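**Student:** I am attaching a structure below and will ask some questions about it afterwards.
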Amino acid sequence: MSCLLIAMIIIFAFAVITSKVKGEESTIFGYQIKSVLSGSMEPTFQTGSIIAIKPGTEQSMYKKGDVITFRTKEEKMITHRIVEVKQAEEQQVYTTKGDNNDGVDVEPVLTQNIIGEYTGFTVPYVGYLLNFAKSKVGTAVLLIVPGVILLLYGLFSMFQAIRGIEDPKKEQST
């Protein structure tokens, strides 16, 4: 169990470091992983979950019922369900709503603001860990803790090897 935990920490550390170095969103096998920070889409997914979204292009066409992640004018990311699709000039405009919200979102969503579509993959509570990992303290912890664990494991292995060398010598002298 501890090996699984260490492996998860290393994977998260790698994803966070890679995304920070590249200056872009972290992707795993072509899917972006997003943290759910509010309850607006419950029961579809819970606050603190992570969800996988498939990044879209400006040519992507979405339909009523699709769950999309989009960027608002304030540069905030939101994941809501499309409740209406309209044609405005030469592009589609989407009206969205959180499953747990009473009304639709005030601002319509333009195609160029859509980041991607929810794939149906969600893991509860891991979003809290991912948000921590994206913070400065979390990044430092994810770099330092695995390093210290590897250092301690190396020292332990070295002392085991030394003890294994010394034990045969003691048996020969008796």
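Just so it is clear, none of the values below were taken in a lab; they were calculated from the coordinates. This structure is a prediction, so every number in the text was calculated from the model and none was measured. Heads up, the Cβs are rebuilt from the backbone with ideal geometry, glycines too, and the neighbour counts pull from every protein chain shown.
**Student:** Report the gain in length on full extension from Asp99 to Ile165: 0.36 nm times residue separation, minus Cα-Cα distance, nm rounded to one decimal.
**Tutor:** Contour length minus Cα-Cα distance gives 17.3 nm.
**Student:** Also, quick follow-up: Please list, by residue number, every one of the chymotrypsin sites (Phe, Trp or Tyr not before Pro) in the range 28-116 that is coil in DSSP and has at most 16 other beta-carbon atoms within 10 Å.
**Tutor:** Within the range 28-116, the qualifying chymotrypsin sites (Phe, Trp or Tyr not before Pro) (loop, at most 16 other Cβ atoms within 10 Å) are Phe29.
**Student:** Within a 10 angstrom radius of the beta carbon, how do Ile33, Ile53 rank from fewest other beta carbons to most?
**Tutor:** Sorted ascending by nearby Cβ count, the order is Ile33, Ile53.
**Student:** Moving to a separate point now. Across bins of 10 angstrom width beginning at 0, how are the C-alpha pair distances of the range 36-123 distributed, in whole percent?
**Tutor:** Spelled out per bin, shortest first, that is 17, 55, 25, 2.
**Student:** Using 1/(1 + (r/R0)^6) with R0 = 25 angstrom and r between the beta carbons of Lys86 and Thr57, what's the FRET efficiency to the nearest 0.05?
**Tutor:** According to the calculation, E is roughly 0.80.
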